[in-house]
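The values are calculated or read from the model by the stated rules, or taken from the named source; none is laboratory data. As the structure is a prediction and not an experimental result, all values here were calculated from the model. Counting neighbours? That spans all protein chains shown, and the Cβs are built from the backbone with ideal geometry, glycine included.
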Amino acid sequence: MVRRGLLAVSAAAIVLISLGAVFSGQGASSRKAEQALRITPLVRGLSSPVLVTAPASEPGRLYVVEQGGTIRIVERGRVRRQPFLDISSKVRSGGEQGLLGLAFHPDFPQDPRLYVNYTDLRGDTRVVEYRAFGGRVVPLSARVVLTVRQPYVNHNGGMVAFGPDGFLYVGMGDGGSGGDPEDRAQSMSSLLGKLLRLDVDRRGAKPQIAALGLRNPWRFSFDRANGDLYIGDVGQGAIEEIDYVQAGTRGLLNFGWDVKEGRAPFEDKPLGAGRLVDPIAQYTHSVGCTVVGGHVYRGKAVPRAVGRYFYGDYCAGTVWSLEVSGERAVRLRREPFRVGNLVSFGEDAAGELYVVSHDGTIYRLR
């Protein structure tokens, strides 16, 4: 259950947020109810969905990643019978492993490439390029662009997304177990605990480390309006965090783990390379237990939500939103709905926002 304690918000802000739920007079209450955001189910009955996305060229169509190894197409609230991709025979699924990420090339379908991130049968991370024709992926087009050995079964990361610079970004957890026992997140000799950048147009190109000090960046996104980066980094035993990087920021960045958990000290040791970036928002485990990063809303159906970044918590099902001003979180609020087993957020071609329940339901923001 959700209890009090958002560390990222000042005491005054907490009071303001609390007062936001108290209305003086029936008229004010009615107006507030009319303005409150809500979600409505779009499709049910999916098998352990973990992500929903769409290329910019395909309005009215969604692609749903199912953890077991399939990608489904949803059109007008209906799921196509034939999967867009089925690699279940190549995927180890369960817990934090499985088919976890999908990104379409920015010029799709003129450039028919897409990229998936999954846990292979050995338990390692693979990022694989495929090509799609006629509404289906061509299995023989597979090309492995990244393989990273995973020492444990958790903290697989899983997100892939193209940045405004045209590179493919890959979120890598610290390798798992607890407390980063081999200190991989702060080591520049390991790809674990990093945000990686791949030039997919150069065959054989090695991944570049864009940032280090991450524990498990399960979901991150780039604001489609300005390219700003938001990361939901899952915490250890106390703090969940949202990290933010303004578009155009240069140089190696360090998000602190495992020297820090959120803004708090975690392990007494020197910080590794790069400039330290503290989270813009965080909350304690009195509120939830696993942060789920989301998206900045850029759709048209809900004008009052434009410019707000939405994120949530898997355990509590709570959804929050905030705005960024001067690289600081402002006007943070808890939204008036919850989603059981909230596992991801996603956007369609028009920038409308969706919320994914691992139970099998995709919801749309209204």
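Residue-level check: of (1) under 30 Å from S286 (Cα atoms); (2) touching a residue at least 60 places away in the same chain (Cβ under 8 Å), R224 misses just (1). Exactly one residue out of V324, V330 is without any contact (Cβ under 8 Å) to a residue 24 or more places away in the chain, closer than 29 Å to G237 by Cβ and out of contact with any helix residue (DSSP H, G or I) (no Cβ under 7 Å at 6 or more places or on another chain), and it is V330. Is at least one residue of segment 10-33 at pLDDT below 95, under 25 Å from the mean Cα position of the chain (by Cα) and exposed (fewer than 13 other Cβ atoms within 10 Å of the Cβ)? No.
Residue-wise test of (1) buried (at least 16 other Cβ atoms within 10 Å of the Cβ); (2) under 16 Å from L196 (Cβ atoms); (3) touching a residue at least 12 places away in the same chain (Cβ under 8 Å).
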{"position": "Q67", "(1), (2), (3)": "yes, no, yes"}
{"position": "L85", "(1), (2), (3)": "yes, no, yes"}
{"position": "V91", "(1), (2), (3)": "yes, no, yes"}
{"position": "G95", "(1), (2), (3)": "no, no, yes"}
{"position": "D107", "(1), (2), (3)": "no, no, no"}
{"position": "R126", "(1), (2), (3)": "yes, yes, yes"}
{"position": "E129", "(1), (2), (3)": "yes, yes, yes"}
{"position": "V160", "(1), (2), (3)": "yes, yes, yes"}
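Taking (1) touching a strand residue (DSSP E or B) at 6+ places or on another chain (Cβ under 9 Å); (2) of a type in the set (D, E, K, R); (3) free of Cβ contacts under 8 Å to residues at least 60 places away in the same chain in turn, R250 satisfies each apart from (1). Every listed requirement among (1) within 23 Å of A54 (Cβ to Cβ); (2) surrounded by fewer than 20 Cβ atoms within 10 Å (Cβ to Cβ) is met by N117 save one, (2). On inspection, K260 does not qualify as farther than 28 Å from D313 by Cα and either modelled with pLDDT of 95 or more or of a type in the set (A, V, I, L, M, F, W, C) (or both).
Consider segment 256-276 and keep the residues that are without any contact (Cβ under 8 Å) to a residue 60 or more places away in the chain and touching a Leu at 6+ places or on another chain (Cβ under 7 Å). The one that is surrounded by the most Cβ atoms within 10 Å (Cβ to Cβ) is G256. Contact map, segment 344-360: residues that are closer than 11 Å to P55 by Cα paired with residues that are among the β-branched types (V, I, T), Cβ distance under 8 Å, separation 6+ or inter-chain. Pairs shown: E347/T53. Report, by residue number, each residue of segment 230-257 that is under 17 Å from G173 (Cα atoms) and either assigned to a strand (DSSP E or B) or at pLDDT below 95 (or both). Once the filter is applied, which keeps residues that are under 17 Å from G173 (Cα atoms) and either assigned to a strand (DSSP E or B) or at pLDDT below 95 (or both), segment 230-257 yields Y230, I231, G232, D233, I239, E240, E241, I242, D243, L253, N254. Looking across segment 282-312, the residues that are assigned to a strand (DSSP E or B) and under 21 Å from V50 (Cβ atoms) come down to V291, V292, G293, G294, H295, V296, Y309, F310, Y311, G312. If you filter segment 175-221 down to residues that are in contact (Cβ under 8 Å) with a residue 24 or more places away in the chain and at positive phi, you find that the one that is surrounded by the fewest Cβ atoms within 10 Å (Cβ to Cβ) is S177.
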